[in-house]
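The structure appears below as C-alpha cells.
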Amino acid sequence: MYIRLLISPITKAAYFRDYKGVVHAEFTEFFPDSPVAIFSENNLDWLETDIEEPDFTSLARLSFVQGIFRRDKTGLRVLSCDPRFSLTNEFVSGNKYQGKTNETVTQLAINLALHHNLSKSDKQLSLLDPMAGGGTTLLWGHRYGLETVGIDINKRALETLHRHVKKYTKIEKLRHTKSDGQTGHFTKKGVGKFILYEISDKKLKLVCGDSAHSPKLLSHQKFHLLVTDIPYGIQHRGADGKRSPLDNIIHCTPAWYESLKPGGAMAVIFNSYQPKRDVLVKAFEATGFKTTEFSSPHRMSESIVRDIAVFNRPHT
Ligand SMILES: C[S@@+](CC[C@H](N)C(=O)[O-])C[C@H]1O[C@@H](n2cnc3c(N)ncnc32)[C@H](O)[C@@H]1O
C-alpha cells in the first residue's frame with residue numbers, strides 16, 4: 001500500500017535545513033525495509049513509502065508526522081492518524097522557558113529509546129530523564145503512558161515544572177494529586193527536594209540533585225528507558241559549576257548505567273561539537289553501554305550541531 005506521510009512544518013522549525021535528513025533517519029530506523037522518497041509538492045513536504053500492513057498508531061507516533069494518506073490511482077485519501085496519546089499537546093508544548101529542549105527532538109529521542117528497549121517486558125514502562133530541566137521529557141513521556149522521573153541539579157527546575165502543571169491542570173480541569181518532600185538531608189542547594197504528581201493514574205516526579213547520585217536519590221529504582229538532553233557547553237553548567245559537557249558525562253555515566261534495567265535503552269541528545277560523537281560514545285562504552293548505529297546530526301547554529309546517540313545496557 002502506498003502511504004504518504006505529511007511532514008509537519010514543526011519539523012522544519014526543529015531541525016532547520018537538515019529536517020529531511022532527520023525525517024529519513026527516524027523513518028528508516030522504524031521501517032528499515034520500506035522504500036522512502038521525501039519531496040516537496042505544492043509547498044507541502046511529504047514522505048512516501050510502500051508498506052504491506054501499516055500500523056497506523058506507530059506511523060502517527062513518528063515525531064514528524066502531521067497526517068497519513070493513502071495514494072492510489074484516484075489520488076490521496078486521508079487515513080486514520082491517531083497516535084493514542086493521553087492528554088493534549090499543550091501538556092508538553094504549553095510550558096515555555098529559557099533552556100527548554102525542543103519538543104519534536106524530545107519526542108524523537110523517546111521514540112528511539114522505546115524502539116531500542118530490550119528489557120524484560122513489564123506492563124508499566126518507566127522513564128528517567130537524569131538532566132530533566134523543566135521536564136519536557138517527563139511531560140512527553142507521560143503522554144506516552146510512561147511513569148516518568150527526572151533529576152536536575154537546579155532547584156528552579158521544580159518551580160518551572162510546577163508552574164506549568166498547576167496551570168495546565170487548572171485549565172483542563174484535570175484531577176490530579178501533588179505531593180512534595182525531601183530525600184536525605186536538607187541542603188541550601190535543595191538537593192533531595194522533590195515534587196510528585198499523580199495525573200491520569202500515572203506518576204510524574206522531579207527530584208533536585210546531581211545526576212551522578214541518581215541511584216541514591218531514587219532509592220536504587222531501575223528504569224526501562226533513560227532519555228535526556230545534556231548541556232551543550234554554552235548555557236547550562238554541570239555539577240562542578242563548569243561548562244565541560246564531557247567531564248559531566250564521565251561524572252554521571254556510571255550512575256546512569258546503574259539506573260537502567262538490563263536491556264534498557266538510553267537516548268542522549270547532545271551538541272556534537274562538545275563532545276564529538278566518538279568521544280561521547282567512548283565515555284559511555286567505558287561504563288559498559290553498547291552503542292546503536294542511530295545518528296542524525298543537524299545544524300542548529302554556528303556552535304551547535306545537535307545529534308542523538310542511543311545506547312543499550314547489555315543483559316549481562
Ligand atoms: C539541556 S538542559 C535540559 C533541558 C530539559 N530537557 C528541558 O526541556 O527543560 C540540561 C539540564 O541539565 C542540568 N544538569 C547539568 N548537569 C547536571 C547534573 N550533573 N545533574 C543533574 N542535572 C544536571 C542543567 O541544570 C540543565 O537543566
Mind checking which of 224, 280, 251 is farthest towards the positive end of the chain's charge dipole, using Cβ charges of +1 (Lys, Arg) and -1 (Asp, Glu) about the Cα centre?
-> 251
With eigenvalues of the C-alpha gyration tensor scaled by 5 and rooted, the chain, Å | 32, 23, 19
Rank 182, 98, 221 by mean-square fluctuation in a GNM of the chain with C-alpha springs under 10 angstrom and give only the top-ranked residue.
-> 98
Heavy-atom accessible area order for 168, 232, largest first, 1.4 Å probe | 232, 168
Treating the beta-carbon of each Lys and Arg as +1 and of each Asp and Glu as -1, no other charges, what is the dipole magnitude of segment 2-78 about its Cα centre, to the nearest 20 debye?
-> 380
For the chain, build the charge dipole from Cβ charges (+1 Lys, Arg; -1 Asp, Glu) around the Cα centre, then report which of 25, 312, 199 sits farthest towards its positive end.
-> 199
Within straight-line cross-link reach of residue 73, lysines at Cα separation under 27 Å, skipping those fewer than 8 residues along the same chain = 20
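Calculate, for the chain, the solvent-accessible area per residue in square angstrom, rolling a 1.4 angstrom probe over the heavy atoms of the protein chains.
Roughly 49 Å² per residue, with all protein chains present.
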At 20 °C in a medium of viscosity 1.002 mPa s, segment 2-78 has a Stokes-Einstein diffusion coefficient, with Rh taken as the Kirkwood radius over alpha carbon pairs, in µm² per second, of 170
Starting from the Cα of residue 276, draw a straight line to each of the aspartates and glutamates and keep only those under 17 Å, dropping any in the same chain fewer than 8 residues away.
-> 229, 247, 285, 293, 302, 307
With every protein chain present, what accessible area does residue 298 have (1.4 Å probe, heavy atoms only), rounded to the nearest 10 Å²?
-> 0
Considering only DSSP beta bridges whose two residues both sit in the chain, what percent are antiparallel, to the nearest 5?
-> 75
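Tally up the carbon and sulfur contribution to the accessible surface of the chain as a whole percent, 1.4 Å probe, everything protein left in place.
Carbon plus sulfur share of accessible area: 52 percent.
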Exposure ranking of 36, 65, 310 by accessible area [1.4 Å probe, largest first] = 36, 65, 310
From highest to lowest solvent-accessible area (probe 1.4 Å; ligands, DNA and RNA excluded), 205, 73, 216 read 73, 216, 205
Total charge of the residues flanking residue 147 in space, meaning their Cβ is under 14 Å from its Cβ, with Lys and Arg +1 and Asp and Glu -1, is +3
Divide by every residue of the chain the summed helix terms, -39500 (n - 2.57) for each DSSP H run of at least 4, and state the resulting mean residue ellipticity at 222 nm, rounded to the nearest 500 deg cm²/dmol.
-> -9000 deg cm²/dmol
Roughly how many Å² of residue 285 are accessible to a 1.4 Å probe, to the nearest 10?
-> 90
Cβ-based net charge around residue 215, under 10 Å, with every Lys or Arg adding one and every Asp or Glu removing one = +1
Rounded to the nearest Å, what's the spacing between the alpha carbon centres of segment 246-265 and segment 98-174? Just the number, please.
-> 18
Got a number for the accessible area of residue 19? Probe 1.4 Å, square angstrom, nearest 10.
-> 20
Debye intensity ratio in log₁₀ form over the Cα atoms of segment 41-92, taken at each q of 0.17 Å⁻¹ | -0.62
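Taking 18 Å as the cut-off for C-alpha to C-alpha distance, list the pairs among 123/222; 166/205; 123/170; 100/193; 173/205; 12/167 that go past it.
Where the Cα-Cα span goes over 18 Å, the pairs concerned are 123/170; 100/193; 173/205; 12/167.
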Report the local net charge at residue 297: Lys and Arg +1, Asp and Glu -1, summed over other residues whose C-beta lies under 14 Å from its C-beta.
-> +1
Can you tell me the order of 277-283, 249-255, 189-195 when each peptide is scored by its average per-residue count of other Cβ atoms within 10 angstrom, highest first?
-> 249-255, 189-195, 277-283
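The values are calculated or read from the model by the stated rules, or taken from the named source; none is laboratory data. Please read all numbers here as calculations on a predicted model, not as lab measurements. All Cβ positions, glycine included, derive from the backbone under ideal geometry; neighbour counts span all protein chains shown. Keep in mind that these areas ignore ligands, DNA and RNA; they rest on the heavy atoms of the full protein, side chains included. Shrake-Rupley method; radii C 1.70, N 1.55, O 1.52, S 1.80 Å.
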